[in-house]
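Worksheet: the structure to be examined is printed underneath.
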Amino acid sequence: MRYWKKYIKPLLRSRIIKTVWFNYKMFPLNIAKKLPVYLYGKTTFRSTAGTVIINGPVSPGMIKIGKNDYYVDTSIQQCIWTIRGTIIFNGPINFGHGSYVLVSDNATLNFGSDSYFGSNLKIMCFERISFGDTISCTWDCQFYDTSFHYIQLLNNDGEVKPLTKPISLANRIWIGNRTTISKGVAIPSDTIIASNSLVNKDYSSIEPNSLLAGIPAKVKVVGVARIYDERKQKELDNKFSYIRTHL
C-alpha cells in the first residue's frame, strides 16, 4: 500500500509516455528503469542535448516537474525546459507547473535535496547557479545569473564587465513570492527572503537567521527562523485557529 501511494499512484497521474521517454533519454539504463523523474501537465523540452546527473540514492519520482498541487493557481501553465548544459540533482525535489528552466551550453545548475519550487518559476543559467538543501521557493520567483546585455562605463576607459556571475544559495532558505535573485548573489543558510524582493549582491556576511526584504533587499530582522517541522506547525495552527484551506 505504501509503495502504491508513494510511487505508483503519482506515476499514473503523470504523463507516463513522456516520463518514460525522458528518463531513458537522459539517464543510463540502470537509472532510467527506476524512473526518477515524473513529468506532469504541459511539459516541453526545447533541448535535451545537455546532461542530467543524479547524485546519491535513486528512487521513482524523486524529481517531479509540473505537478499541479499549488493552491494559488487558477490554470495549468506550460513547463518549458532547455537542457544544453548540466543539471545536477542531489535528492528529492518538486517543481510546480509553469516552470521555465534554461541551462545554457557549458553552464551548471545544481539542486540540493528536499526542496520545493512553486509555480511560474524562471531559472536562466548561463554560468552556474547552486541551490543547497531544503530550499522553499514560492510562486513567481526568478533566478538569473546573467544581465543579458552589455553595459559600457563611459567614464572609465569604456570598461565593459562580464554578463554572468554565479549564484549560490546555501541550506534552509525560504523565498517569498515574486522575488528576483540576480547574478553574483550569495545567500547563507537559514535566511528568509520576503515577497517582492530584489536580491542583487553577495549577502554571505550577514548574520545567521536574517530576514531580507526590499528593492534592493536589505537585512530587516535578525534572529528569525522558519518552522519546518510539520507536527509543530499543526500545533501552532490549532493554537491560533488557523485553517489551511487548499482551493
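General observations
- Multiplying the residue separation of SER195 and LYS234 by 0.36 nm and subtracting their alpha-carbon distance yields 11.7 nm.
- Inter-label distance for ASN68 and PHE148, nm, one decimal - labels placed 7 Å from Cα along Cα-to-Cβ: 2.9 nm
- Between THR245 and ASP202, residue separation times 0.36 nm minus the direct Cα-Cα distance comes to 11.8 nm.
- Among the protein heavy atoms of the chain, carbon and sulfur supply 53% of the accessible surface, probe 1.4 Å, non-protein parts ignored.
- Phi to ³J(HN,Hα) by Karplus 6.51 cos²θ - 1.76 cosθ + 1.60 over the range 21-28, Hz, x for Gly, Pro: 4, 5, 5, 6, 6, 9, 10, x
- For the range 33-146, alpha-carbon Rg over 2.2 N^0.38 Å: 0.97
- Set of lysines near LYS18 by C-alpha distance (under 28 Å), chain-local residues within fewer than 8 positions excluded: LYS5, LYS6, LYS9, LYS33, LYS34, LYS42, LYS64, LYS67, LYS122
- Under-5 Å amide H pairs with ASN196, H placed in peptide plane, nonlocal only: ASN177, ARG178, THR179
- Spread of Cα-to-Cα distances over 5 Å intervals beginning at zero, given as percent, for the range 88-204: 3, 12, 21, 26, 19, 9, 5, 3, 2, 0
- Between ALA225 and ILE17, full extension at 0.36 nm per residue minus the direct alpha carbon distance yields a gain of 70.7 nm.
- Multiplying each eigenvalue of the alpha-carbon gyration tensor of the chain by 5 and taking the square root yields semi-axes of 30, 26, 16 Å, largest first, rounded to whole angstroms.
- 3J(HN,Hα) from dihedral phi, the range 185-193, Karplus parametrisation 6.51/-1.76/1.60, rounded to Hz, x for glycine, proline: 7, 10, 10, x, 4, 6, 9, 10, 10
- Only lysine pairs 8 or more places apart, or on different chains, with alpha-carbon atoms under 15 angstrom apart are counted in the range 144-247, and they number 5.
- Top of SER147, SER168, SER115 by mean-square fluctuation, Gaussian network on the chain, Cα under 10 Å: SER147
- Rel. contact order, % - alpha carbon contacts under 8 angstrom, at least six apart, the range 46-125: 32 percent
- FRET efficiency for ASN156 and THR44, using Cβ-Cβ distance with R0 set to 35 Å, rounded to 0.05: 0.20
The values are calculated or read from the model by the stated rules, or taken from the named source; none is laboratory data. Given the structure is predicted, the values throughout are model-derived calculations rather than measurements. Glycine gets a Cβ as well: all are built from the backbone with ideal geometry, and neighbour counts include every protein chain shown. Accessible surface is based on the protein model in full, side chains and every heavy atom, while ligands, DNA and RNA are left aside. Shrake-Rupley method; radii C 1.70, N 1.55, O 1.52, S 1.80 Å.
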